[in-house]
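The values are calculated or read from the model by the stated rules, or taken from the named source; none is laboratory data. Source: prediction; values computed, not measured. All Cβ positions, even for glycine, are placed from backbone atoms using ideal geometry, and neighbour counts span all protein chains on display.
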2 protein chains.
Amino acid sequence: MFAQLQAEIAQKYDIHFNNLALLEEALTQANYINEHPEYQGRDYQRLEFLGDAIMQQSSAVYLFKKYPDWDEGRLTELRILMVQTRSFAALSRELHLDRYVQLGRGEELSGARNRESLLEDLWEAFIGALYLDQGQAVVMRLLDLVFFSKIETGFYDRFVDYKSKLQELLQKNGTVDINYEKIAEQQIENNEQLFTVSVALNGQKLAEGTGKSTKDAEKAAARIAYQNLTK
Amino acid sequence: MFAQLQAEIAQKYDIHFNNLALLEEALTQANYINEHPEYQGRDYQRLEFLGDAIMQQSSAVYLFKKYPDWDEGRLTELRILMVQTRSFAALSRELHLDRYVQLGRGEELSGARNRESLLEDLWEAFIGALYLDQGQAVVMRLLDLVFFSKIETGFYDRFVDYKSKLQELLQKNGTVDINYEKIAEQQIENNEQLFTVSVALNGQKLAEGTGKSTKDAEKAAARIAYQNLTK
């Protein structure tokens, strides 16, 4: 079974995992072992301990080099957004770790295979195993492909509360009037609608945003206004 | 000035720092820059962001490999003890970073040069600079010399609350009677005294400990009892 995952990873990322026992350890839950007393291996928790630290350092090194002009506050903020349950769970799914994990029966029945927190742990354990098997440089290469590249595409923007950030920025020197207003609404395919919202400061328009709900359109407007003001 | 620190580090640790500007950045506080508008460099905060993550990963990798039989709970506990203000401040002093840091005048007057939190930041910034200048392997070599070696000598034991840990361990299966009793007191040099305390579980002696106060002797007894019971 793990030879198949090994082959998938080789084909997709050109990474040739040597030690299959390590890959299996990264994908074995404690409950599975409890239910299989004859099982010789370990569960993933030690590798998760290791992988957590590898993800922290890898992300810090990447951000430090990528954004030479950012101060430590901004670097820390983006690192916190990156290194979190939802983004790691997405990576586990992308590598199909959710399909290969060995779970206890109760965990299986309770839907653990789709539980974000389990998938986050698996990602960290997998990265711990990859580090031991292939070293730091290969970890960084994989992260470049599947993780850091998503920064460029604004993947992490969805986790940022730009409406709060814009308000904070504009109110730095006292109370201001920030107003969101729906300015257009159009029918698109599948019976869906596209909304356009403007955001204004003391009556002066800062930006427009669009989205499939007014809430999404407001968020988009706030993001654009915020990014323009902090460029 | 930083050439002198560079020479000290080369002599003591055989580490040859190349980029003096990076070493200077790691040892320059923001307040110093505010007071010297002509100053061209940066303060240490970006390097501190980087070094924090380097220390986390380095410690995790070291512990993972050093203690193959420990579970992740025990690994995490020791890592938390290691990666903390007091131990990093001690390392800054050991490398004389406290002597070289460029501080603002107000900070200097308020005693920042001896402030544990500043010395912790400096250590992280220095490790960030060392990583950029020399790479991970040299960071690990320095940490082996000045940091990891202290685990062997029980350096981190002083930060562990063994009385609480012993109580927790003994009470796992219900209430028990744990009793500390002073059993000896002797005069030593410099008008000091040495106390010996025993710790007993339900009237049965577990261990003895000595110290220059009864409190220290109790801690020592608790540590020995705990270590005997968890061996």
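Of note:
- On the stretch given as the stretch A:72-94, residues that are farther than 20 Å from A:GLY111 by Cβ and either touching a residue at least 40 places away in the same chain (Cβ under 8 Å) or outside the structural domain of A:TRP123 (by TED's automatic domain parsing) (or both) total 5.
- Any hit, the stretch A:182-189, residues being aliphatic (A, V, I, L, M), under 26 Å from A:ARG93 (Cβ atoms), out of contact with any Lys or Arg (no Cβ under 8 Å at 6 or more places or on another chain) and free of Cβ contacts under 8 Å to residues at least 60 places away in the same chain: no
- Considering the conditions (1) within 14 Å of another protein chain (Cβ to nearest Cβ); (2) surrounded by 17 or more Cβ atoms within 10 Å (Cβ to Cβ), A:TYR67 is excluded by exactly one of them, (2).
- With respect to (1) in a helix (DSSP H, G or I); (2) farther than 26 Å from A:GLU77 by Cβ; (3) without any contact (Cβ under 8 Å) to a residue 24 or more places away in the chain, the lone exception for A:LEU118 is condition (3).
- Taken over the stretch B:99-112, residues that are basic (Lys, Arg) and at pLDDT below 95 amount to 1.
- Single match in B:ILE80, B:ILE151, B:ILE127 (criterion: over 25 Å from B:PHE17 (Cα atoms) and within 14 Å of another protein chain (Cβ to nearest Cβ)): B:ILE80
- The set of residues in the stretch B:210-224 that are assigned to a strand (DSSP E or B) and farther than 19 Å from B:SER164 by Cβ contains only B:THR210.
- Reported count of residues in the stretch B:40-58, each being among the polar types (S, T, N, Q) and without any contact (Cβ under 8 Å) to a residue 40 or more places away in the chain, is 3.
- Looking only at residues in the stretch A:86-96 that are crowded, with 21+ Cβ neighbours inside 10 Å and hydrophobic (A, V, I, L, M, F, W, C), the one that is nearest to the chain's Cα centre (by Cα) is A:PHE88.
Here's the yes/no breakdown for (1) modelled with pLDDT of 90 or more; (2) touching a helix residue (DSSP H, G or I) at 6+ places or on another chain (Cβ under 9 Å); (3) surrounded by fewer than 17 Cβ atoms within 10 Å (Cβ to Cβ):
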position: A:ASP133; (1), (2), (3): yes, yes, no
position: A:ARG141; (1), (2), (3): yes, yes, yes
position: A:ASP144; (1), (2), (3): yes, yes, yes
position: A:SER164; (1), (2), (3): no, yes, yes
position: A:ASN179; (1), (2), (3): yes, no, yes
position: A:GLN187; (1), (2), (3): no, no, yes
position: A:ASN191; (1), (2), (3): no, no, yes
position: A:VAL197; (1), (2), (3): yes, yes, no
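- Yes/no for B:ASP69 being closer than 30 Å to A:LEU22 by Cβ, free of Cβ contacts under 8 Å to residues at least 40 places away in the same chain and either of a type in the set (Asp, Glu) or not in a helix (DSSP H, G or I) (or both): yes
- Residue in the stretch A:72-82 that is surrounded by fewer than 19 Cβ atoms within 10 Å (Cβ to Cβ), farther than 21 Å from B:GLY128 by Cα and not aromatic (Phe, Trp, Tyr) present: yes
- Taken over the stretch B:62-76, the criterion of being within 17 Å of the chain's Cα centre (by Cα) and farther than 20 Å from B:THR230 by Cβ is satisfied by B:TYR62 alone.
Residue-by-condition table, conditions (1) closer than 14 Å to A:TYR226 by Cα; (2) not in a helix (DSSP H, G or I):
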site	(1), (2)
A:LEU169	yes, no
A:VAL176	no, yes
A:GLU181	no, yes
A:GLN186	no, yes
A:ASN191	no, yes
A:LEU194	no, yes
A:SER198	yes, yes
A:LYS205	yes, yes
A:GLU208	yes, yes
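- Search result, residues across the stretch A:38-62 that are more than 8 Å from every other protein chain (Cβ to nearest Cβ), assigned to a helix (DSSP H, G or I) and surrounded by fewer than 23 Cβ atoms within 10 Å (Cβ to Cβ): A:TYR62
- Test: residue in the stretch B:28-37 that is at negative phi and within 12 Å of chain A (Cβ to nearest Cβ): yes
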